[in-house]
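K.L.:
Sharing a structure below in structure tokens format, with a few things to ask.
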Amino acid sequence: MVLAAGRGNRMRPLTDHTPKPLLAVHGKPLMLWPMDALQASGFHRVLVNTAWLGEQIADRLAAWSAAQPQAELAFSHEGQEFGYALETAGGIARALPSLGEVFWVLAGDVYAPDFAFTQASVERFTASGLLAHIWLVSNPPHNPRGDFGLSSDGLALNTTDGEYFTYSTIGLYRRALFEAPWCEILPGNPQGTAAPLAPLLRAAMQAGQVSAERYAGRWTDVGTPERLEELNLFTNAP
């Protein structure tokens, strides 16, 4: 699942007329960097959620899908259905009937061109029985305190002790995390509950149900026009 429903307020005025995931890095829309990588790694079924200017995303991805003979593209149009974005957990819960038992979740506005989406990662996570596996990065200047800790045996920690890292927004998830008793949203989120992901993740961490690892490749949360400009001016394309 590629998350692409946000308004991108911090990116204004760029996002007043263009959805943030369609802003270009090295001539290619942000969200197509991970989507192309998923296709190249054999993950052909992709679901995208939309809200702000979602029709632009659907139109752009129709052309992308036509050029990807193996791609199976689906949408969860939260803006059309509810008039607003459902946030990460709410959006995943809404899309859950169309997702598998285990699935990738990633943000369409994060640039991580070196990340490897591998079948081996999926197999390890599936065999673990855990609820989530997330990738962590070194803390960027805009998030100096980080989000989560990492234990010596590879568990993500919701603790104030030790070193903290930033959640890359890339993770593998088991559908059970978005069902009772972990998630209070009704299956398929028919009522349109907007809910963040962090509380679910933290509750699962407290129960020892989230593993994690470091990602050391290039990574940028493209959260401001300045970061986008820097990427295009000073970062080499893969």
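K.L.:
Looking for whichever is surrounded by fewer than 18 Cβ atoms within 10 Å (Cβ to Cβ), at pLDDT 95 or above and touching a strand residue (DSSP E or B) at 6+ places or on another chain (Cβ under 6 Å) here; the options are Ala116, Ala95, Ala74, Ala107. Which one fits?
P.N.:
Criteria check complete, one pass: Ala74.
K.L.:
Determine, yes or no, whether Thr126 is touching a strand residue (DSSP E or B) at 6+ places or on another chain (Cβ under 7 Å) and either of a type outside the set (Lys, Arg) or crowded, with 16+ Cβ neighbours inside 10 Å (or both).
P.N.:
In short, yes.
K.L.:
Sticking with this structure for a sec: Kindly list, by first and then second residue, each pair from a residue in the stretch 110-135 that is under 23 Å from Ala89 (Cα atoms) to a residue that is of a type in the set (Val, Ile, Thr) and surrounded by 12 or more Cβ atoms within 10 Å (Cβ to Cβ), limited to pairs with Cβ atoms under 6 Å and residues at least 6 apart or on different chains.
P.N.:
Correct list of pairs: Val110/Thr169; Tyr111/Val25; Tyr111/Thr220; Tyr111/Val222; Thr126/Val102; Ala132/Val210; Trp135/Ile170.
K.L.:
Could you say whether any residue in the stretch 96-109 is within 16 Å of Gly188 (Cα to Cα) and touching a Gly at 6+ places or on another chain (Cβ under 9 Å)?
P.N.:
Taking every residue of the stretch 96-109 in turn, at least one turns out to be within 16 Å of Gly188 (Cα to Cα) and touching a Gly at 6+ places or on another chain (Cβ under 9 Å).
K.L.:
Also, quick follow-up: Being in a helix (DSSP H, G or I) and free of Cβ contacts under 8 Å to residues at least 12 places away in the same chain is the filter; apply it to the stretch 54-78 and report the residue that is nearest to Gly42 (Cα to Cα).
P.N.:
Taking the candidates together, the pick is Ser65.
K.L.:
Out of the residues in the stretch 219-238 that are in a loop (DSSP other than H, G, I, E, B) and at pLDDT below 95, state the one that is surrounded by the fewest Cβ atoms within 10 Å (Cβ to Cβ).
P.N.:
Asn236
K.L.:
Just to be sure I understand, how many residues within the stretch 35-67 are under 22 Å from Asn9 (Cβ atoms) and of a type outside the set (S, T, N, Q)?
P.N.:
Qualifying residue count, the stretch 35-67: 9.
K.L.:
If you don't mind, another one. Would you point out which residue out of Ala107, Ala180 is of a type in the set (A, V, I, L, M) and in contact (Cβ under 8 Å) with a residue 24 or more places away in the chain?
P.N.:
Of Ala107, Ala180, the one residue that is of a type in the set (A, V, I, L, M) and in contact (Cβ under 8 Å) with a residue 24 or more places away in the chain is Ala107.
K.L.:
Just need a number here: residues in the stretch 1-16 that are at pLDDT below 95, at negative phi and assigned to a loop (DSSP other than H, G, I, E, B).
P.N.:
4
K.L.:
In addition: Just wondering, is there one or more residues in the stretch 34-46 that are surrounded by fewer than 21 Cβ atoms within 10 Å (Cβ to Cβ) and on the phi > 0 side of the Ramachandran plot?
P.N.:
Yes, the stretch 34-46 contains at least one residue that is surrounded by fewer than 21 Cβ atoms within 10 Å (Cβ to Cβ) and on the phi > 0 side of the Ramachandran plot.
K.L.:
Please enumerate the residues belonging to the stretch 129-142 that are touching a strand residue (DSSP E or B) at 6+ places or on another chain (Cβ under 9 Å) and not small (Gly, Ala, Ser).
P.N.:
Answer for the stretch 129-142, where residues must be touching a strand residue (DSSP E or B) at 6+ places or on another chain (Cβ under 9 Å) and not small (Gly, Ala, Ser): Leu130, Leu131, His133, Ile134, Trp135, Leu136, Val137, Asn139, Pro140, His142.
K.L.:
Filter the stretch 81-92 down to residues that are assigned to a helix (DSSP H, G or I) and not small (Gly, Ala, Ser) and give me whichever is surrounded by the fewest Cβ atoms within 10 Å (Cβ to Cβ).
P.N.:
Glu81
K.L.:
Quick one: in the stretch 148-165, of everything that is within 28 Å of Leu38 (Cα to Cα) and touching a residue at least 40 places away in the same chain (Cβ under 8 Å), which residue is surrounded by the most Cβ atoms within 10 Å (Cβ to Cβ)?
P.N.:
Looking at the filtered set, the residue picked out is Ala156.
The values are calculated or read from the model by the stated rules, or taken from the named source; none is laboratory data. Source: prediction; values computed, not measured. Cβ atoms come from the backbone with ideal geometry, glycine included; neighbour counts cover every protein chain shown.
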